[in-house]
Amino acid sequence: MAPSRPGVNSIKAEDFDLNATLSCGQVFRWRIHDGRWYGLIDNAAIRIRQIGKRIEYSSSRPIEPERIRGYFNLGVDLDGILKSIDKDKHIHKAISGFRGLRIIRQEPAECLISYILSSNNNIPRINTLIERMSACFGERNEKLNGVSFHTFPTLKRLSSECEDGLKACGAGFRVPYVKETARKVSSEKGFFDRLKGLGYEAAKESLIGLKGVGDKIADCVLLFSLGKNEAFPVDVWIKRAVDEFYFKGKKSTLRDCASFGREHFGEYAGYAQEYLYCYIRSQKFQ
DNA sequence: TCTAGACCTCG
DNA sequence: GAGGTCTAG
């Protein structure tokens, strides 16, 4: 029997692919060093890797295994979900290529602000922007195995920060969006819980009412942090996939693309979106 | 309702 | 030009 290592926990993770889950673009801030993923969960720095049907993790502060399971959404019946979206040959291939990819349950405030920062921006720059904002305005600095993580700033902090401070991070024209949205959301206690209780359409309407939040970002927040699995965020990659696979190469509008996704795949369209995203990108990058 | 142009910044 | 949104017309 292997000697137990202090601080390292191991939990069962069936039907799960950690790498696919963390590299499919749904979440920011996770980094890989020496075969282990580093990131934050509940403001604790986490180091994690997968070994077969288990995941091994350690953390900068104690964190319940149940919390790890919850974050990676290991409790949901992925097999049932994938069966329900497996409606045609394209999604079928995507599923067989990336089986085990799960939709993470992100912290809503961080998810919302991060995606506001993503508009008209590219991924490397979004990442540095988020890191800079966290370094400047995050409340704590968590360290683990020599890797240091600043916690994501609270909405209160972002709303009270002067525009120049945010601008210095490189957020550009998104600064007023971040500030105004942070102010509005933090002024309503339980804003996200209220949205969780609403249906998809109503919750989406509330989000779109926020500055800097349009269709795509609203769908990302709904899917990645509020549990609305029918959300089908349409970015350039998904549009390419849908136009190519389902519209015979004809260019659709963003709106048509989104409603096609929700109608064709149904209750768990968001999972289909993630699998298609990985699939189309793997094709283009070959 | 719909479309075009502008928008900070630069791994 | 970038994983979009806002605003005007």
- For A:Leu40, residues with placed amide H under 5 Å, excluding near neighbours: A:Ile46
- Message: Over chain A, what is the relative contact order in percent, taking alpha-carbon pairs closer than 8 angstrom and at least six residues apart?
- Response: 18 percent
- What does the convex hull of the Cα atoms come to per residue for chain A, in Å³? 140 Å³
- Query: Expressed as a whole number of Å, what is the distance separating the alpha-carbon centroids of the stretch A:45-100 and the stretch A:170-234?
  - Reply: 24 Å
- Item | Helix-only mean residue ellipticity at 222 nm for chain A, each DSSP H run of n ≥ 4 adding -39500 (n - 2.57), per residue, nearest 500 | -15000 deg cm²/dmol
- If you count, for each residue, the other Cβ atoms within 10 Å and average over each peptide, how do A:15-23, A:266-274 line up from highest to lowest? A:266-274, A:15-23
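Over 23 Å apart: what share of the alpha carbon pairs of the stretch A:173-275 falls there, rounded to a whole percent?
30 percent
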- For A:Arg54, enumerate residues with amide H under 5 Å from its amide H, sequence gap 5+ or separate chain, H modeled in the peptide plane. A:Ala13
- Normalised by the number of residues in the stretch A:1-75, what is the relative contact order in percent for Cα pairs under 8 Å and 6+ residues apart? 32 percent
- Task: Just subtract the alpha-carbon distance of A:Asp215 and A:Glu139 from 0.36 nm times their residue separation and send over the number in nm, one decimal.
- Result: 24.3 nm
- Task: Would you mind putting A:110-120, A:207-217 in packing order, based on average other-beta-carbon counts within 10 Å, highest first?
- Result: A:110-120, A:207-217
- The relative contact order of the stretch A:1-126, taking Cα pairs under 8 Å that sit 6 or more residues apart, comes to a percentage of 29 percent
- Task: Can you quote the Å³ per residue value for the convex hull of the Cα atoms in the stretch A:39-131, rounded to an integer?
- Result: 147 Å³
- Item | Where N is the number of residues in the stretch A:1-75, Cα Rg divided by 2.2 N^0.38 Å | 1.05
- Give the whole-number value, in cubic angstrom per residue, of the convex hull volume spanned by the C-alpha atoms of the stretch A:108-225. 108 Å³
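We did not get these values from a lab; they are worked out from the coordinates using the rules stated. All figures in this text were calculated on a predicted structure; none of them were measured in a lab. No Cβ is skipped: glycine too gets one built from the backbone with ideal geometry, and neighbour counts run over all protein chains shown.
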